[in-house]
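Enquirer: Can you read through this structure? Questions will come right after.
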Amino acid sequence: MTHGRKTLRDKIVAKLVSASITGSRVYSNRFLALSADDLPAINVTASEETSTLLNLSQKTAKRELTLQVEIVAKENDSGSIDDTLDGLSDSVETAMAADFTFDGTALNCQLTETRLEVSTESETNVGTAKLTYVATYIY
Amino acid sequence: MDFGPVIDACMSTFGETISYTPTGLSVLSITAIFESQSITLDSGFPVISKNPTLGIKVSDLGTGVNPKVGDAVTVRSVSYKVTDWHDDGQGGAMLQLQKA
């Protein structure tokens, strides 16, 4: 049986792939390094969940899942790394907001935090925008 | 101790001809040691990139001229800019590069 958490994560990945923000480079819980040549990319991870039991006999719970949608990009000719990250963040936020239930998988989902980080240590600036969402669902 | 001959020996062994344009001055053709090692950036998600550096003999830039952030470099037909540099105190300097 597939856990509701995985179902939700998979729905988000599918939504971001279909939005054509970074092509097919949308990963779920990827921990292996990517080459800078393969950027931009998005990695969706689930980091934390709290739950409240709803139905003892069916063992269903109302859950609040903290998800990170991490955008990784490098600076290109069209602008600074900050511009690139902001543009990609806008596309991700728009795609996510189009349906915060993810086809009825969640009751709701909201963006709670965005963290930006830039590394200047390589041949081109590489940055990340980590968007944290909290999704409420029953499973 | 004069390290000039040591730097010269390194340059003749490992160096290659590159173009160096100090900010506000004319382009120079000098011998320098270019390296571009792989580096894993870890600003959250690990990304493998390159870390290009250039070793130069500072006096090759001309009398009284030091490297500056923003100087232009062309190595193997790729354009770079100097983003940081460190003098070794013996006449050499290591320059950090980024693609221009």
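Enquirer: Starting from residues that are open to solvent by 20 Å² or more (accessible area, probe 1.4 Å) and assigned to a loop (DSSP other than H, G, I, E, B), keep the ones in the range A:92-113 and report whichever is nearest to B:A100 (Cα to Cα).
Expert: Top of the filtered list is A:A98.
Enquirer: Spot the failing condition for A:S89; the list is (1) at pLDDT 95 or above; (2) out of contact with any Phe, Trp or Tyr (no Cβ under 6 Å at 6 or more places or on another chain); (3) not in a helix (DSSP H, G or I), and only one is missed.
Expert: Every listed condition holds for A:S89 apart from (3).
Enquirer: Which of the numbered conditions does A:V26 fail, given that it passes all the others? Conditions: (1) within 14 Å of chain B (Cβ to nearest Cβ); (2) surrounded by 13 or more Cβ atoms within 10 Å (Cβ to Cβ); (3) at pLDDT below 95.
Expert: The single condition A:V26 does not satisfy is (3).
Enquirer: Taking the range B:76-97 only, how many residues are modelled with pLDDT under 95 and over 16 Å from B:T31 (Cα atoms)?
Expert: Total meeting the criteria: 4.
Enquirer: In the range B:69-92, what count of residues is obtained for those that are open to solvent by 10 Å² or more (accessible area, probe 1.4 Å), in a strand (DSSP E or B) and touching a helix residue (DSSP H, G or I) at 6+ places or on another chain (Cβ under 6 Å)?
Expert: Total meeting the criteria: 0.
Enquirer: Please tell me if A:E70 is touching a residue at least 12 places away in the same chain (Cβ under 8 Å), outside any helix (DSSP H, G or I) and either touching an Asp or Glu at 6+ places or on another chain (Cβ under 7 Å) or among the charged types (D, E, K, R) (or both). Give the steps one after another, and end with the answer.
Expert: On the way: touching a residue at least 12 places away in the same chain (Cβ under 8 Å): yes; outside any helix (DSSP H, G or I): yes; either touching an Asp or Glu at 6+ places or on another chain (Cβ under 7 Å) or among the charged types (D, E, K, R) (or both): yes.
Yes: the conditions hold for A:E70.
Enquirer: Being within 14 Å of chain B (Cβ to nearest Cβ) and small (G, A, S) is the filter; apply it to the range A:90-127 and report the residue that is farthest from B:L41 (Cα to Cα).
Expert: A:G127
Enquirer: Tell me, yes or no, whether the range A:16-32 has at least one residue that is farther than 27 Å from A:I138 by Cβ, in contact with an Asp or Glu (Cβ under 7 Å, 6 or more places away or on another chain), among the basic types (K, R) and not in a strand (DSSP E or B). Even if it seems obvious, please write down each step before you answer.
Expert: Within the range A:16-32, the subset farther than 27 Å from A:I138 by Cβ is A:20-25, A:30-32.
The next check asks that each one be in contact with an Asp or Glu (Cβ under 7 Å, 6 or more places away or on another chain); those that pass are A:25.
Filter once more, so that each one left must be among the basic types (K, R): A:25.
Imposing the further condition that a residue be not in a strand (DSSP E or B) reduces the set to A:25.
Yes, the range A:16-32 contains at least one residue that is farther than 27 Å from A:I138 by Cβ, in contact with an Asp or Glu (Cβ under 7 Å, 6 or more places away or on another chain), among the basic types (K, R) and not in a strand (DSSP E or B).
Enquirer: Something else now. Condition test on B:I39, is it more than 14 Å from chain A (Cβ to nearest Cβ) and open to solvent by less than 60 Å² (accessible area, probe 1.4 Å)? Even if it seems obvious, please write down each step before you answer.
Expert: On the way: more than 14 Å from chain A (Cβ to nearest Cβ): no; open to solvent by less than 60 Å² (accessible area, probe 1.4 Å): yes.
Answer is no for this residue.
Enquirer: Return yes or no: is B:S12 modelled with pLDDT under 95 and either in a strand (DSSP E or B) or out of contact with any Lys or Arg (no Cβ under 7 Å at 6 or more places or on another chain) (or both)?
Expert: So B:S12 fits the description; yes.
Enquirer: For the range B:51-68, enumerate the residues that are among the charged types (D, E, K, R) and either in contact with a Cys (Cβ under 8 Å, 6 or more places away or on another chain) or open to solvent by 80 Å² or more (accessible area, probe 1.4 Å) (or both). If you could, list the steps in order and put the result at the bottom.
Expert: So the first thing to find is which residues in the range B:51-68 are among the charged types (D, E, K, R), and the list is B:57, B:60, B:68.
Scanning the range B:51-68 gives a single hit, B:K68.
Enquirer: Give the number of residues within the range B:45-71 that are more than 17 Å from B:D84 (Cβ to Cβ) and over 12 Å from the mean Cα position of the chain (by Cα).
Expert: As a first pass, look at the range B:45-71 and keep what is more than 17 Å from B:D84 (Cβ to Cβ): B:45-48, B:57, B:59-60, B:62-65.
Then keep just the ones that are over 12 Å from the mean Cα position of the chain (by Cα); that gives B:45-48, B:59, B:62-65.
Counting residues in the range B:45-71 that are more than 17 Å from B:D84 (Cβ to Cβ) and over 12 Å from the mean Cα position of the chain (by Cα) gives 9.
The values are calculated or read from the model by the stated rules, or taken from the named source; none is laboratory data. Note that the structure is predicted; figures quoted are calculated from it, not measured. Neighbour counts are summed over all protein chains in view; Cβ atoms, including those assigned to glycine, are modelled from backbone coordinates with ideal geometry. Ligands, DNA and RNA are excluded from the accessible area calculation, which covers all protein heavy atoms including side chains. Shrake-Rupley method; radii C 1.70, N 1.55, O 1.52, S 1.80 Å.
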